[in-house]
């Protein structure tokens, strides 16, 4: 299986399966001298962890990360950083009844067709469990970008099912199990999730994230555009189905006179482009939206086929999220941080000595 690495200067390679002994990552390209500890990474892992509320999967993993290499006396050495998180609460028996049936909407069928075999226990590499590794790697990028550039990334739940959610108080998004930045709507969200639990069904969601303090000039004008790399990273998250930057799909409704972000000596007058122009960061806030499909593993009976090609019904039991978007917020943040970290290092290598005669209006 190839395609488990993202990045060019700052690379992250993940490994492990949902019901294997552990999941982890190898982070290469982190500059030396960054003060980092397991506690620095643990905070983000806690935000992603299952079993922390009534509205997520009840699989109870401690998600204690271990740094195996690349750090000496509390500082990164420049060598690859090995990260490991053990799996301790697998219940593989939950999948015994359906191991010969393809779950509709899941990767079971395509994995079997591509590789000729598959790990039916929780979906193997197709499980959202593997994202614990990218969240740990993203925490390294968060530490570096925060300390060196004062760059921050914050996400929130902006839609779930038919409910559109605002961003009234971004600071409180981490204070509730829904990552909701509109506290007045928490009652609606609870009612929706309890109803889904009762019916054994699931619902889709959209996660938004904003990066502040992004320097101007990140990204290349062709295939390595910043927004293209962000989209590539986000579509690499399990269950993601659409990515938008800035106004996203709403640009199809706009006129050119509405969408263009006019400039003035005091700065940009709007940010419909979401922080990029021609694939290069403008220095404005980078705004990204990622839409996730409903969880495929549900208790509503459905039609499928077995491994012999015969028609069968299926019901997925076990511990699953009624909405994967609830735990996707720290995952989206991590992927955005990894992309930004990679582009910061690439930009420094190529254009670090460029003499810029045009003033940076975003820093006034």
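Rounded if a/c is under 1.5, else prolate if a/b is larger than b/c, else oblate: which is region 102-246, with a ≥ b ≥ c the root eigenvalues of its Cα gyration tensor?
Judged from the Cα gyration tensor, region 102-246 comes out oblate (a/c at least 1.5, b/c at or above a/b).
What is the gain in length, in nm to one decimal, between residue 99 and residue 1 on full extension, counting 0.36 nm per residue of separation less the C-alpha to C-alpha distance?
Here the segment from residue 99 to residue 1 would lengthen by 33.2 nm.
Where does each of 342, 175, 247 land when they are ranked from fewest to most other beta-carbon atoms within 10 angstrom?
175, 247, 342
If I fit a long axis through the Cα atoms of helix 226-235 and take the longest principal axis of the Cα atoms of the chain, what angle between them do I get, 0 to 90°, rounded to 10?
Compared with the principal axis, the helix lies near 10 degrees.
Once a ≥ b ≥ c are taken as the square roots of the eigenvalues of the Cα gyration tensor of region 79-182, is the result rounded (a/c under 1.5), prolate (a/b larger than b/c) or oblate (a/b not larger than b/c)?
Oblate, because a/c is 1.5 or more while a/b does not exceed b/c.
Would you give the gap between the C-alpha center of region 110-188 and the C-alpha center of region 285-343, rounded to a whole Å?
11 Å
What number, in nm² with one decimal, is the all-direction average of the projected area of the convex hull of the alpha-carbon atoms of region 255-345?
Mean shadow area of the hull around the Cα atoms is 11.2 nm².
List 30, 167, 323 from most exposed to least, where exposure is judged by having the fewest other Cβ atoms within 10 Å.
Numbers: 30 27, 167 15, 323 24.
So the residues, fewest neighbours to most, are 167, 323, 30.
How far apart, in nm, are the 7 Å Cα→Cβ label points at residue 112 and residue 308?
It works out to 1.2 nm between the two label points.
If each residue of separation counts as 0.36 nm, what is the full-extension length gain between residue 73 and residue 37 once their alpha-carbon separation is subtracted?
Stretched fully, the residue 73-residue 37 segment lengthens by 12.0 nm.
Using Cα atoms only, what is the angle between the long axis of helix 38-48 and the major principal axis of the chain, expressed in degrees (0 to 90) to the nearest 10?
The helix 38-48 is inclined about 60 degrees to the chain.
Against the longest principal axis of the chain, how steep is helix 325-351, in degrees 0 to 90 to the nearest 10, with axes from Cα atoms?
40 degrees
Please work out how much length the chain gains when fully extended from residue 175 to residue 351, using 0.36 nm per residue of separation minus the C-alpha to C-alpha distance, in nm with one decimal. Before the final figure, lay out the partial values.
Numbers: separation 176, 0.36 × 176 = 63.36 nm, distance 3.98 nm.
Full extension from residue 175 to residue 351 adds 59.4 nm.
Over 20 Å intervals from 0, what percent of Cα-Cα pairs in the chain sits in each interval?
Here the calculated profile for the chain is 28, 56, 15, 0.
Quick one: order 220, 182, 46 by neighbouring beta-carbon count within 10 Å, fewest to most.
Sorted ascending by nearby Cβ count, the order is 46, 220, 182.
Read the figures in this text as sums done on the coordinates, not as results from a lab. Everything numeric here is computed off the predicted structure, so don't read it as measured data. Every residue, glycine as well, gets a Cβ built from its backbone with ideal geometry; the counts of neighbours run over all protein chains shown.
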